[in-house]
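The values are calculated or read from the model by the stated rules, or taken from the named source; none is laboratory data. Source: prediction; values computed, not measured. Here the Cβ is made from the backbone with ideal geometry for all residues, glycine too, and neighbour counts use every protein chain on show. Calculation scope for accessible area: heavy atoms of the full protein, side chains included, ligands and nucleic acids excluded. Shrake-Rupley method; radii C 1.70, N 1.55, O 1.52, S 1.80 Å.
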Amino acid sequence: MTNVDIIENADHSVIADWLENRLAAALAEGEGPVTITVPGGSTPFPVMELLAKRDLDWSRIVIWPGDDRVVDPSHEASNEGRIRAIFEPVGAEVTALTVMEQIPPFALAWLGMGADGHIASLFPNTDPQADDPRAIVRLTPDPLPPEAPFDRISLTMPSILGAGELLFTLGGSADKRAVFDAAVAGENDLPIARLLAAARQKVTCFA
(Lines give C-alpha, C1' and ligand atoms only; values in the text may rest on other atoms or scores of the structure.)
Protein backbone atom coordinates (compact mmCIF):
# COMPACT_ATOMS: atom_id res chain seq x y z
CA MET A 1 0.00 0.00 0.00
CA THR A 2 1.10 3.52 -0.72
CA ASN A 3 1.48 6.01 2.12
CA VAL A 4 -1.65 7.95 3.08
CA ASP A 5 -1.44 11.69 3.71
CA ILE A 6 -4.03 12.52 6.39
CA ILE A 7 -5.07 16.17 6.78
CA GLU A 8 -7.09 17.07 9.86
CA ASN A 9 -9.50 19.90 10.65
CA ALA A 10 -9.82 21.13 7.06
CA ASP A 11 -12.96 23.06 6.19
CA HIS A 12 -14.80 22.86 2.88
CA SER A 13 -12.84 25.75 1.40
CA VAL A 14 -9.51 24.06 2.08
CA ILE A 15 -10.69 20.89 0.35
CA ALA A 16 -11.96 22.96 -2.59
CA ASP A 17 -8.55 24.65 -2.79
CA TRP A 18 -6.85 21.26 -2.89
CA LEU A 19 -9.14 20.05 -5.67
CA GLU A 20 -8.69 23.26 -7.66
CA ASN A 21 -4.91 22.86 -7.52
CA ARG A 22 -5.09 19.22 -8.65
CA LEU A 23 -7.44 20.03 -11.52
CA ALA A 24 -5.36 23.00 -12.64
CA ALA A 25 -2.23 20.83 -12.69
CA ALA A 26 -3.99 18.11 -14.68
CA LEU A 27 -5.33 20.65 -17.19
CA ALA A 28 -1.83 22.08 -17.62
CA GLU A 29 -0.39 18.68 -18.52
CA GLY A 30 -2.08 18.53 -21.92
CA GLU A 31 -4.87 19.79 -24.10
CA GLY A 32 -7.35 16.92 -23.80
CA PRO A 33 -10.15 16.34 -21.32
CA VAL A 34 -9.50 15.75 -17.65
CA THR A 35 -11.82 13.14 -16.16
CA ILE A 36 -12.53 12.75 -12.45
CA THR A 37 -14.99 10.80 -10.36
CA VAL A 38 -16.75 12.28 -7.35
CA PRO A 39 -18.88 10.95 -4.48
CA GLY A 40 -22.31 11.76 -3.17
CA GLY A 41 -23.12 12.46 0.45
CA SER A 42 -23.38 15.33 2.90
CA THR A 43 -19.72 16.40 2.89
CA PRO A 44 -18.89 16.44 -0.86
CA PHE A 45 -21.73 18.55 -2.26
CA PRO A 46 -20.88 21.76 -0.32
CA VAL A 47 -17.28 21.31 -1.46
CA MET A 48 -18.42 20.86 -5.06
CA GLU A 49 -20.46 24.07 -4.85
CA LEU A 50 -17.34 25.97 -3.80
CA LEU A 51 -15.18 24.23 -6.41
CA ALA A 52 -17.59 25.13 -9.25
CA LYS A 53 -16.92 28.82 -8.53
CA ARG A 54 -13.19 28.45 -9.13
CA ASP A 55 -11.55 29.75 -12.29
CA LEU A 56 -10.86 26.54 -14.20
CA ASP A 57 -11.36 25.54 -17.83
CA TRP A 58 -14.52 23.61 -17.03
CA SER A 59 -15.16 22.90 -20.71
CA ARG A 60 -12.32 20.34 -20.55
CA ILE A 61 -13.42 18.68 -17.32
CA VAL A 62 -15.55 15.51 -17.36
CA ILE A 63 -17.17 14.41 -14.10
CA TRP A 64 -18.44 10.92 -13.30
CA PRO A 65 -20.40 9.89 -10.21
CA GLY A 66 -18.45 7.20 -8.42
CA ASP A 67 -21.74 5.57 -7.56
CA ASP A 68 -25.42 6.36 -7.67
CA ARG A 69 -28.84 5.22 -6.55
CA VAL A 70 -30.80 3.52 -9.33
CA VAL A 71 -33.34 6.33 -9.64
CA ASP A 72 -34.22 8.91 -12.28
CA PRO A 73 -31.72 11.82 -12.41
CA SER A 74 -34.58 14.15 -11.39
CA HIS A 75 -35.06 12.21 -8.11
CA GLU A 76 -33.76 13.92 -4.99
CA ALA A 77 -31.68 10.82 -4.19
CA SER A 78 -29.80 10.95 -7.51
CA ASN A 79 -26.11 11.83 -7.28
CA GLU A 80 -26.03 12.42 -11.02
CA GLY A 81 -28.81 15.00 -10.84
CA ARG A 82 -27.15 16.94 -8.03
CA ILE A 83 -23.76 16.85 -9.74
CA ARG A 84 -25.27 18.09 -13.00
CA ALA A 85 -26.98 20.96 -11.19
CA ILE A 86 -23.63 22.13 -9.82
CA PHE A 87 -21.23 21.59 -12.69
CA GLU A 88 -23.16 21.81 -15.96
CA PRO A 89 -23.90 25.54 -15.53
CA VAL A 90 -20.14 26.26 -15.48
CA GLY A 91 -19.52 24.18 -18.61
CA ALA A 92 -18.33 20.81 -17.30
CA GLU A 93 -19.55 17.55 -18.81
CA VAL A 94 -21.29 15.19 -16.39
CA THR A 95 -21.57 11.52 -17.33
CA ALA A 96 -24.34 9.18 -16.24
CA LEU A 97 -23.15 6.02 -14.54
CA THR A 98 -24.43 2.99 -16.45
CA VAL A 99 -23.18 -0.56 -16.70
CA MET A 100 -20.46 -0.61 -19.35
CA GLU A 101 -17.29 -2.54 -20.03
CA GLN A 102 -14.83 0.32 -20.26
CA ILE A 103 -14.32 3.64 -18.54
CA PRO A 104 -11.80 6.43 -19.17
CA PRO A 105 -8.75 6.79 -16.96
CA PHE A 106 -9.55 9.11 -14.07
CA ALA A 107 -7.02 11.76 -13.14
CA LEU A 108 -8.51 11.69 -9.65
CA ALA A 109 -10.97 9.47 -7.80
CA TRP A 110 -12.61 11.37 -4.94
CA LEU A 111 -14.33 9.05 -2.47
CA GLY A 112 -16.26 9.16 0.73
CA MET A 113 -16.49 6.29 3.19
CA GLY A 114 -19.26 4.96 5.40
CA ALA A 115 -18.85 4.04 9.03
CA ASP A 116 -19.19 0.40 7.89
CA GLY A 117 -16.12 0.83 5.68
CA HIS A 118 -17.95 0.98 2.36
CA ILE A 119 -16.58 3.08 -0.50
CA ALA A 120 -18.66 4.23 -3.47
CA SER A 121 -21.51 1.68 -3.21
CA LEU A 122 -19.18 -1.22 -2.51
CA PHE A 123 -20.73 -2.30 0.78
CA PRO A 124 -19.24 -5.11 2.89
CA ASN A 125 -22.03 -7.51 1.88
CA THR A 126 -21.06 -7.17 -1.79
CA ASP A 127 -17.58 -8.61 -1.13
CA PRO A 128 -15.73 -6.24 -3.51
CA GLN A 129 -12.42 -7.45 -4.92
CA ALA A 130 -9.41 -5.56 -6.27
CA ASP A 131 -9.31 -7.91 -9.28
CA ASP A 132 -13.01 -7.66 -10.22
CA PRO A 133 -13.16 -8.04 -14.04
CA ARG A 134 -16.07 -5.61 -14.26
CA ALA A 135 -15.69 -1.83 -14.58
CA ILE A 136 -19.11 -0.92 -13.17
CA VAL A 137 -21.52 -3.07 -11.17
CA ARG A 138 -25.16 -2.90 -10.13
CA LEU A 139 -25.82 -4.17 -6.61
CA THR A 140 -28.09 -4.10 -3.58
CA PRO A 141 -26.69 -2.96 -0.22
CA ASP A 142 -27.62 -5.14 2.75
CA PRO A 143 -28.88 -3.69 4.94
CA LEU A 144 -30.42 -1.01 2.74
CA PRO A 145 -29.75 2.43 4.25
CA PRO A 146 -33.17 3.69 5.43
CA GLU A 147 -32.48 7.17 4.10
CA ALA A 148 -31.82 5.81 0.60
CA PRO A 149 -33.46 2.38 0.15
CA PHE A 150 -32.49 1.89 -3.47
CA ASP A 151 -30.38 -0.45 -5.54
CA ARG A 152 -27.03 1.06 -6.45
CA ILE A 153 -24.68 1.31 -9.39
CA SER A 154 -21.00 1.73 -8.64
CA LEU A 155 -17.51 1.83 -10.00
CA THR A 156 -15.65 -1.33 -9.04
CA MET A 157 -12.35 -1.40 -7.18
CA PRO A 158 -10.22 -1.78 -10.34
CA SER A 159 -11.94 1.26 -11.86
CA ILE A 160 -11.15 3.30 -8.76
CA LEU A 161 -7.60 1.94 -8.53
CA GLY A 162 -6.97 3.00 -12.13
CA ALA A 163 -7.12 6.65 -11.10
CA GLY A 164 -3.97 8.72 -10.97
CA GLU A 165 -4.66 9.81 -7.41
CA LEU A 166 -7.14 8.99 -4.63
CA LEU A 167 -8.86 11.47 -2.34
CA PHE A 168 -11.02 10.62 0.68
CA THR A 169 -13.20 13.04 2.63
CA LEU A 170 -14.54 11.77 5.97
CA GLY A 171 -16.42 14.87 7.10
CA GLY A 172 -14.84 15.08 10.54
CA SER A 173 -16.48 11.89 11.82
CA ALA A 174 -14.55 10.25 14.65
CA ASP A 175 -16.21 6.89 13.92
CA LYS A 176 -15.19 7.01 10.26
CA ARG A 177 -11.67 8.10 11.19
CA ALA A 178 -11.27 5.09 13.47
CA VAL A 179 -12.38 2.73 10.70
CA PHE A 180 -10.12 4.45 8.18
CA ASP A 181 -7.08 4.32 10.50
CA ALA A 182 -7.68 0.62 11.15
CA ALA A 183 -7.89 0.04 7.40
CA VAL A 184 -4.61 1.88 6.82
CA ALA A 185 -3.02 -0.34 9.48
CA GLY A 186 -4.44 -3.47 7.87
CA GLU A 187 -6.51 -4.26 10.96
CA ASN A 188 -9.76 -5.02 9.14
CA ASP A 189 -10.93 -6.52 5.85
CA LEU A 190 -13.58 -3.96 5.01
CA PRO A 191 -13.88 -2.55 1.46
CA ILE A 192 -11.80 0.50 2.42
CA ALA A 193 -9.01 -1.75 3.69
CA ARG A 194 -9.04 -3.85 0.51
CA LEU A 195 -8.83 -0.72 -1.63
CA LEU A 196 -5.99 0.82 0.35
CA ALA A 197 -4.08 -2.47 0.41
CA ALA A 198 -4.14 -2.53 -3.40
CA ALA A 199 -3.50 1.20 -3.94
CA ARG A 200 -0.16 2.22 -5.41
CA GLN A 201 -0.94 5.85 -6.21
CA LYS A 202 -0.89 8.89 -3.93
CA VAL A 203 -3.70 8.82 -1.35
CA THR A 204 -4.89 11.91 0.52
CA CYS A 205 -7.52 11.85 3.27
CA PHE A 206 -9.23 14.92 4.67
CA ALA A 207 -10.31 13.48 7.99
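What the table shows:
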quantity	calculated
Helix-derived mean residue ellipticity, 222 nm - over the chain, DSSP H n ≥ 4, -39500 (n - 2.57), to 500	-8000 deg cm²/dmol
Of all accessible heavy-atom area on the chain, the percent that carbon and sulfur account for (1.4 Å)	49
Probe 1.4 Å, protein heavy atoms only - accessible area per residue of segment 125-207 in square angstrom	43
FRET E, pair Ala182, Ser13, Förster distance 30 Å, beta-carbon r, rounded to 0.05	0.55
Whole-number accessible area per residue in Å² for segment 1-96, which is evaluated in the context of all protein chains at 1.4 Å	49
³J(HN,Hα), Karplus 6.51/-1.76/1.60, whole Hz, each residue of segment 8-21, x for Gly, Pro	9, 6, 8, 8, 4, 5, 5, 5, 4, 4, 4, 5, 4, 5
Listed peptides 182-192, 8-18 by packing density, highest first (mean Cβ within 10 Å)	182-192, 8-18
DSSP-defined antiparallel bridges as percent of all bridges, the chain, nearest 5	30
Value of relative contact order over the chain, rounded to a whole percent, pairs C-alpha under 8 Å and six or more apart	26
Three-way shape call for the chain based on the alpha-carbon gyration tensor, with the a/c threshold at 1.5	rounded
Cα-centre dipole for segment 1-46 with unit charges at Cβ (Lys and Arg positive, Asp and Glu negative), debye to 20	140
Segment 105-207: relative contact order as a whole-number percent, Cα under 8 Å and 6+ apart	35
Cut-off 12 Å between beta-carbons: net charge of the residues surrounding Leu139, Lys and Arg +1, Asp and Glu -1	-2
Cα shape, segment 21-130, gyration tensor, a/c 1.5 rule	prolate
